[in-house]
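The values are calculated or read from the model by the stated rules, or taken from the named source; none is laboratory data. Note that the structure is a prediction, hence the values are computed from the model and not measured. A quick note on method: Cβ atoms are made from the backbone with ideal geometry, for glycine too, and the neighbour counts reach across all protein chains shown.
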Amino acid sequence: MKLNIALLAGDGIGPEVIDQAVKVSDAIAEKFNHEINWRPGLTGAAAIDAVGEPYPDETHEICINSDAVLFGAIGHPRFDNDPSAKVRPEQGLLKMRKKLGLFANVRPTFTFPSLLDKSPLKKERIEGTDLVFLRELTGGIYFGEKGRREEGETAFDNCVYTRVEVQRLAKKGFELAMTRSKKLCCVDKANVLETSRLWRETVQAMEKEYPEVEVTYEFVDAVAMRLVQWPNSYDVLITENLFGDILTDEASVISGSMGLMPSASLGANIGLFEPIHGSYPQATGLNIANPMATILSAAMMFENFGLKEEGQAIRDAVNKALNKGIVTEDLSDEGKSFGTKEVGDWLAQNV
Ligand code: IPM
Ligand code: MN
């Protein structure tokens, strides 16, 4: 297969982890006879510095003319501590999601047998966890009208959803549930929020189209609790943008390190693949960041092209590295850790 992949490294540790994912993907391409044409573009603080815009039109052009986007991380502390900044790196990410129509964010959480002791949660609670969040990504409070009134003394962010937005996300949820254990949980706050009542009503109406799927409805606060109490009781969860943002960070703790969890953002056309972690500015350039989440995001990218064996080869290599202790410091037992680049090299050689 010939693949054109837009490569957006972004900020902080983004470029370092992206380099490793490129290396591993190239090794996969060689092994399985594919041809990958990487097409780099600017995003985030790096793009603001270069052209004054976190998601420049040139980058968008590269993305829409590619088969997929591989993305590193976005964000810089210079902006976090300046609430009055007019342009922010994160705006680039939001603009990109919207312009590329990436309404479904797929965030799996799974455990690795060799890492069960790394989670702050008890082993017997997390063992066997294998769940997927489908987070709505282009609507809700992130994109509603926002602003200030009363001379800046009052601020507001509106949360808005249309039935169509809920339906297209829920459809992906039902379809995913059909390929797994046929359990779907709709996470909302329907006891308080009108948008949540629209979610619930819409999903309920879709149930008859998927008679085999067992649907449950749970309030987001209760899910936040049960997620760390009995994570392995969940399978596919669908939810709105902000709830999904919060719950997926919480869920990443189950796996033992945020540095391990990949994600895919899908829409009608091209997909975007990125680690769920941020730009980890303190680690920039130190060769200590865990590249596995980005490498596993590349695995999701291959799988999304229907290249299951390629994805599996990456997953197997990551498992092997974890078993052998070829890991960065976030996962190592005292004294024995490897650099970002060394982990990438090892994986490229072992796929
Ligand atoms: C994420 C991030 C983003 C979000 C930020 C960087 C805008 O936290 O992808 O989860 O809130 O969606
Ligand atoms: Mn987040």
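Things worth noting here:
- Residue list for segment 1-28, filter: more than 21 Å from the chain's Cα centre (by Cα) and surrounded by 18 or more Cβ atoms within 10 Å (Cβ to Cβ): 3, 27, 28
- Within segment 174-189, residues that are β-branched (Val, Ile, Thr) sit with their Cβ atoms under 9 Å from residues that are not in a helix (DSSP H, G or I), at 6+ positions apart or across chains, in these pairs: 187/133; 187/217; 187/218; 187/219; 187/237; 187/238; 187/239; 187/240.
- Residues in segment 317-351 that are among the β-branched types (Val, Ile, Thr) and either outside the structural domain of residue 297 (by TED's automatic domain parsing) or closer than 20 Å to residue 258 by Cβ (or both): 318, 326, 327, 328, 340, 343.
- Inspection of segment 75-83 finds no residue satisfying the criterion of being buried (at least 16 other Cβ atoms within 10 Å of the Cβ), within 15 Å of ligand 2 (Cβ to nearest atom) and of a type in the set (Asp, Glu).
- On the stretch given as segment 119-148, residues that are part of a helix (DSSP H, G or I) and surrounded by fewer than 21 Cβ atoms within 10 Å (Cβ to Cβ) total 5.
- Here residue 334 clears all of (1) without any contact (Cβ under 8 Å) to a residue 12 or more places away in the chain; (2) over 23 Å from residue 282 (Cα atoms) except the condition numbered (2).
- Spans of strands (runs of 3 or more DSSP E) in segment 230-345 with at least 2 residues surrounded by fewer than 16 Cβ atoms within 10 Å (Cβ to Cβ) and acidic (Asp, Glu): none
- Test: residue in segment 218-229 that is assigned by TED's automatic domain parsing to the domain that holds residue 167, in contact (Cβ under 8 Å) with a residue 60 or more places away in the chain, assigned to a helix (DSSP H, G or I) and surrounded by 20 or more Cβ atoms within 10 Å (Cβ to Cβ): no
- Check on residue 145, within 16 Å of ligand 2 (Cβ to nearest atom) and of a type in the set (Asp, Glu): no
- Counting the residues of segment 65-94 that are more than 20 Å from residue 297 (Cβ to Cβ) and in a helix (DSSP H, G or I) gives 5.
- Against the conditions (1) within 14 Å of residue 272 (Cβ to Cβ); (2) of a type in the set (A, V, I, L, M, F, W, C); (3) not in a loop (DSSP other than H, G, I, E, B), residue 102 satisfies every one except (3).
- Scan segment 40-62 for residues that are surrounded by 24 or more Cβ atoms within 10 Å (Cβ to Cβ) and hydrophobic (A, V, I, L, M, F, W, C) and the total you get is 3.
- Pair list, Cβ < 6 Å and 6+ apart or interchain, from segment 279-296 residues that are on the phi > 0 side of the Ramachandran plot and in contact (Cβ under 8 Å) with a residue 60 or more places away in the chain to residues that are in a loop (DSSP other than H, G, I, E, B) and surrounded by 18 or more Cβ atoms within 10 Å (Cβ to Cβ): 280/12; 280/13; 280/289
- Pairing each residue of segment 240-260 that is closer than 21 Å to residue 202 by Cα with any residue that is within 11 Å of ligand 1 (Cβ to nearest atom) and part of a loop (DSSP other than H, G, I, E, B), provided the two are 6+ apart or on different chains, yields C-beta distances under 7 Å for 241/137.
- Only residues that are under 21 Å from the mean Cα position of the chain (by Cα) and aromatic (Phe, Trp, Tyr) were counted across segment 297-351, and they come to 2.
- From 138, 154, residue being in the same structural domain as residue 247 (by TED's automatic domain parsing), more than 16 Å from ligand 1 (Cβ to nearest atom) and among the polar types (S, T, N, Q): 154
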